[in-house]
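One structure below.
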Amino acid sequence: MSSSMNGWRPTPTHSNHVALSIVVPFFNERAVLPLLYRRLRSVLDKLEISYEIVLVDDGSRDGSEHDLRELAISSSVVKLVRLSRNFGKEAALTAGLDQTSGDAVVILDADLQDPPELISQMLAAFHDGSDIVYMKRRSRTGETWGKQLSAHLFYRLLNRISSVAIPEDTGDFRLMSRRAVNALQRLPERNRYMKGLFAWVGFPTHVIEYDREARAAGTTKWNVLSLFGPALEGITSFSVAPLRWATAAGLLAALIGISFGLYVVLKTLVFGDPIGGYPSLIAVITFMCGIQLLSIGLVGEYVGKTYFETKQRPLYVILDVIETPATSSCTTARAEPKIHIVSN
Ligand code: UDP
Ligand code: MG
């Protein structure tokens, strides 16, 4: 793997001089790119650390792919990882993490909803010995109440039923030490619910609360329907409780059915009333069919997951990696005309 940190001296983890990698998944964010780059640079330059910004172009089609290329060619701190198409944020993050070489890695959304100014606080916690620094949202400016409520309910449900504690109200905004990243890279699954995977690896963790800002520019890539997918993904990746619910619901329905059957038989024997009860029959049949279809759907979710896991497809495909070979330190090196493109 090539590295834009060629000039770096390897430093022991948690020491004071740290080499930091920032990973930014990027999909159709043309409007926000100049703001993002300027703000990141101004924050990082003040920190007196070596750093690299790993931008993952997740198959952008709004013209930002050209802007990104220009930026990667002209900036000595940007490493651009271009994926061959849009693979989704989770795959883009995985691709970005695989390309980092810093002692610590910070993951940040491109739209500046995660303020880069907090990186200094995250680094402070890292120096104090935390391997993972979660950023917990105190407020979510610019998000509809529907999204806030569904996110709230989803996290609570997920934590009730999953075997690892997945922190509520956190996004992908976080710092991870090199060893935490290495541990994460050892998780081979295709169904990548990153927040769950981050939690699964464990490690000493620190939580910092922050106010989530509104998008700096551009539009969100999610809508109410596309939120349902990741929610189901999160639940089915980290818990088999829904399968147990299906069993429990089936058991309950069977018990009700048996009791009702006995009642009908006894009623017919005692009162000799063979007909009647048509509406209740329809109600029972509909109820049972509903439960059965739901259960089959649930089982299907898990079977589908297994199907995709068995295919063993790679998580993403890299088109190329564009970076300028930095001379000494990433923060001081100037861009060189020659660019370094690593093809997959
Ligand atoms: N993103 C991505 N691939 C996608 C969708 C989104 O890399 O298929 C990136 C996007 O560019 C942004 C981050 O994921 O940096 C979060 O996306 P967005 O802001 O749209 O989500 P929201 O903050 O509204 O949940
Ligand atoms: Mg956003």
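Close contacts from the range 286-315, counting a first residue that is surrounded by 12 or more Cβ atoms within 10 Å (Cβ to Cβ) and a second that is in a helix (DSSP H, G or I) and among the aliphatic types (A, V, I, L, M), with Cβ to Cβ under 6 Å and a gap of 6+ residues or different chains, come to MET288/ALA253; ILE291/ALA249; ILE291/ALA253; SER295/ALA246; LEU298/ALA246; LEU315/ALA91.
Restricted to strands (runs of 3 or more DSSP E) entirely inside the range 48-166, those with at least 1 residues that are of a type in the set (Val, Ile, Thr), touching a residue at least 60 places away in the same chain (Cβ under 8 Å) and out of contact with any Lys or Arg (no Cβ under 6 Å at 6 or more places or on another chain) are 78-83, 104-107, 132-140.
Please work out if LYS136 is open to solvent by 50 Å² or more (accessible area, probe 1.4 Å), of a type outside the set (A, V, I, L, M, F, W, C) and within 14 Å of ligand 1 (Cβ to nearest atom). So LYS136 does not fit the description; no. State yes or no: is ILE318 open to solvent by less than 40 Å² (accessible area, probe 1.4 Å), modelled with pLDDT of 80 or more and farther than 24 Å from LEU40 by Cα? Criteria met by ILE318.
Of all the residues in the range 97-117, those that are within 12 Å of ligand 2 (Cβ to nearest atom) and at negative phi number 6.
Within the range 257-275, being in a helix (DSSP H, G or I), surrounded by 10 or more Cβ atoms within 10 Å (Cβ to Cβ) and without any contact (Cβ under 8 Å) to a residue 24 or more places away in the chain holds for ILE258, SER259, GLY261, LEU262, TYR263, VAL264, VAL265, LEU266, LYS267, THR268.
Which of the numbered conditions does ARG179 fail, given that it passes all the others? Conditions: (1) open to solvent by 20 Å² or more (accessible area, probe 1.4 Å); (2) within 16 Å of ligand 1 (Cβ to nearest atom). Result: ARG179 fails condition (2) only.
SER150 fulfils the conditions (1) open to solvent by 20 Å² or more (accessible area, probe 1.4 Å); (2) closer than 28 Å to LEU47 by Cβ; (3) within 16 Å of ligand 2 (Cβ to nearest atom); (4) under 18 Å from the mean Cα position of the chain (by Cα) except for a single criterion, (2).
The values are calculated or read from the model by the stated rules, or taken from the named source; none is laboratory data. Computed from a predicted structure; not experimentally measured. Here Cβ is always computed from backbone atoms with ideal geometry, including for glycine, and neighbour counts include all displayed protein chains. Each accessible area value is taken on the protein alone, full model and side chains, heavy atoms only, with ligands, DNA and RNA left out. Shrake-Rupley method; radii C 1.70, N 1.55, O 1.52, S 1.80 Å.
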